[in-house]
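Input: a single structure, listed below in structure tokens.
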Amino acid sequence: MRRLKTCLVLVTLAAISCGCHGRVVTGHTVVAQKPIAKDATREELLEAYNLIARGTKTLNATVELKPTAGSKYSGVIDEYHEVKAFLLAARPAKIRLIGQAPVVGTTVFDMASDSETFRVSIPSKKKFLVGPVAVERSSSKPIENLRPQHLLDALLWPEIRK
């Protein structure tokens, strides 16, 4: 029994001492080159921007929305519940946004829009809203003033004319 304990102690000490040696790694590190500032004319910048804007035809994304309305100047800021959403957008003005509750996964809203009308389904309130995209009507709740075109303009950049 004593011989077994001695062997175990020696094996443990050998394992610990082998793990204590530092490893030396040699290699070459590549130093990233600093970006070079370039000069461009206004026309060149517009062309580069329009190339990116023209190249984006569709967008498919999973996003987390946390709407906030109000102003820090007025002191009134409304925060709404965070929603996981599936976003589909296509040029020129088609969008579909499906919002789901974070944990449960039930549909909170389902919005679809073409260039003329938008449709919103809110299953929890058993409501289905239809309206024109171009209506500019002010609501007391700022979140109700959000239109599909606002999202499309932010996601699918319009081209800038020269």
Peptide ranges 52-65, 32-45 listed from the most packed, as the mean C-beta count within 10 angstrom indicates: 52-65, 32-45
Cβ-Cβ FRET estimate between Val120 and Thr29, R0 fixed at 41 Å, reported to 0.05: 0.15
Can you tell me the FRET efficiency between Glu136 and Leu51 if r is taken as the Cβ-Cβ distance and R0 is 25 Å, rounded to the nearest 0.05? 0.20
Give the lysines reachable from Lys57 as a straight Cα distance under 24 Å; neighbours fewer than 8 places away on the same chain don't count. Lys84, Lys94, Lys162
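Read-outs throughout are calculated quantities, based only on the coordinates presented, and are distinct from any laboratory measurement. Computed from a predicted model, the values in this text were never measured in an experiment. Glycine also receives a Cβ, built like all others from the backbone with ideal geometry; neighbour counts cover every protein chain displayed.
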